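Student: This is the structure, below, for whatever I ask next.
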Amino acid sequence: MKSSLFARLLLGSALALAAAGAANADDKVIKIGVLTDLSGLYADLGGQGSIEAAKMAVEDSGMAAKGWKMDVISADHQNKPDIGTNIARQWIDVDKVDILMDVLNSGVALAVNNVVKEKNSIMINSGAASSDLTNAQCTPNTVHWTYDTYMLAHSTGQALVKAGGDTWFFLTADYAFGAALERDTTAVVTASGGKVLGSVKHPLNTADFSSFLLQAQASRAKIIGLANAGGDTTNSIKQAAEFGIVSGGQKLAGLLLFLTDVHSLGLKVAQGLNFTETFYWDMNDQTRAFAKRFSERMKSHAQPTMVQAGVYAGLLHYFKALDALGGNPHDGAKVVAKMKELPTDDPLFGKGTIRADGRKLHPAYLFEVKKPEESKGPWDYYKLVGTTPADQAFRPLAESACPLVKK
């Protein structure tokens, strides 16, 4: 009797486990959270555009026809790490969000990075720049898709030093992103034979750059490196023009410049600026087709930035990994491992790979802003100066401090 009862209990447990496994394998529900800046200085380069890009990826994935159910939600982290982490915990624990997208602002991203690892969730970061996300602070749960400070420093910084800009002074946003960008660019400048004469930190989203620009002007550095982004970059460039800094012989280096920044500045002010991006809407037929659809969905009719393009492309690859797994295992590290295993291929960034450290590899492009008379129409702002191949654009694994990289 006892042995019979034990056998029935054992069989029941086995059946329950098998049923749970089957249910897990058949789970085709995905919840996507776009954590971005909807109200601050980065809203134009991410914001609502990142949300639309995520929705476009859902629509274009073909997953619905295969029985998948997908939902996109969003929130404004207000560029504050504590708010970002609180939203991330709420989303993962209560709302059952499977993946966090965009996550603009390096301070927010590095904080959320820890939450995502702790909860075994997933973050595909297309908005933050800090190269620490795939270096010392890498995790099995994060993919850094679009760009980073190492790439920006080596592409833009190296080109300017080679062109004769061998003395630098930095205007740096006073948080994780600015510090990382100044650090990585300083390393490139000094390694290339240049010299950094000084730097000054400014508060995030400040309106008055006069005192900072006067210090940069007084340094007599050939290059004033703007280690900031979004509204801070456009404001510092506009005010530098008022001070006559460029006409006085110094050159501004927009170390991180976005299409929306150039649009805000206008070609008359922005012309001649050199900077690096990994996506431009007018690169080829595929990018132009995506941009046309994207622009039609936006109230501003803006063209997509590389951050928004990264949201779209990153999600497409995530969907490919889930499809290959045959269901959503709700195991972040497992899904990211599959993403690294599969080659990437999307209409915006082309073919590529994701390394062990979570770094997505693709080419980096050095652009120059056109003169007003060179532009053929709205949003026709860039001309290509040079291309860095994917295997050379980002930090070599031999230099990596990521614990996931085998030495």
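The values are calculated or read from the model by the stated rules, or taken from the named source; none is laboratory data. Note that the coordinates shown come from a computational prediction; the quantities given were computed from them, not determined experimentally. A quick note on method: Cβ atoms are made from the backbone with ideal geometry, for glycine too, and the neighbour counts reach across all protein chains shown. Note: areas computed on protein heavy atoms with side chains; ligands, DNA, RNA excluded. Shrake-Rupley method; radii C 1.70, N 1.55, O 1.52, S 1.80 Å.
Student: Kindly indicate which of 241, 253, 289, 227 is at pLDDT 95 or above, among the small types (Gly, Ala, Ser) and closer than 27 Å to residue 166 by Cβ.
Tutor: 227
Student: Let me ask something else. Within region 377-407, restricting attention to residues that are of a type outside the set (S, T, N, Q) and in contact with a Pro (Cβ under 9 Å, 6 or more places away or on another chain), which residue is surrounded by the most Cβ atoms within 10 Å (Cβ to Cβ)?
Tutor: 393
Student: Within region 229-244, track down each residue that is surrounded by fewer than 20 Cβ atoms within 10 Å (Cβ to Cβ) and either over 12 Å from residue 209 (Cα atoms) or acidic (Asp, Glu) (or both).
Tutor: Residues satisfying the conditions are 242, 244.
Student: Further question: Filter region 172-191 for residues that are of a type in the set (S, T, N, Q) and within 18 Å of residue 276 (Cα to Cα); which is surrounded by the fewest Cβ atoms within 10 Å (Cβ to Cβ)?
Tutor: 186
Student: Additional query: Could you pull out the residue among 222, 195 that is more than 15 Å from residue 254 (Cβ to Cβ), surrounded by fewer than 18 Cβ atoms within 10 Å (Cβ to Cβ) and modelled with pLDDT of 95 or more?
Tutor: Exactly one of 222, 195 is more than 15 Å from residue 254 (Cβ to Cβ), surrounded by fewer than 18 Cβ atoms within 10 Å (Cβ to Cβ) and modelled with pLDDT of 95 or more, namely 195.
Student: Could you please find all residues in region 29-39 being assigned to a loop (DSSP other than H, G, I, E, B) and open to solvent by 30 Å² or more (accessible area, probe 1.4 Å)?
Tutor: 38, 39
Student: Has region 80-100 got at least one residue that is part of a helix (DSSP H, G or I) and at pLDDT below 95?
Tutor: Looking only at region 80-100, we keep the residues that are part of a helix (DSSP H, G or I), and these are 81-93.
Imposing the further condition that a residue be at pLDDT below 95 reduces the set to none.
Checked against the condition, which is being part of a helix (DSSP H, G or I) and at pLDDT below 95, region 80-100 yields no hits at all.
Student: Going through region 336-366 one residue at a time, which ones are under 13 Å from residue 405 (Cα atoms) and either assigned to a strand (DSSP E or B) or β-branched (Val, Ile, Thr) (or both)?
Tutor: Within region 336-366, 354, 359 qualify.
Student: On to the next question. Please go through region 67-115 and pick out each residue that is touching a Pro at 6+ places or on another chain (Cβ under 9 Å) and open to solvent by 10 Å² or more (accessible area, probe 1.4 Å).
Tutor: Correct list: 107, 110, 111.
Student: If you don't mind, there's one more thing I want to ask. Within the group 169, 177, 209, which residue is of a type outside the set (Lys, Arg) and free of Cβ contacts under 8 Å to residues at least 40 places away in the same chain?
Tutor: 209
Student: Can you pull out every residue in region 227-243 that is in a helix (DSSP H, G or I), of a type outside the set (Gly, Ala, Ser) and in contact (Cβ under 8 Å) with a residue 24 or more places away in the chain?
Tutor: Taking region 227-243 and keeping what is in a helix (DSSP H, G or I), we get 231-242.
Applying the additional criterion that residues be of a type outside the set (Gly, Ala, Ser) yields 232-235, 237-239, 242.
Hits for region 227-243 are 232, 233, 234, 235, 237, 238, 239.
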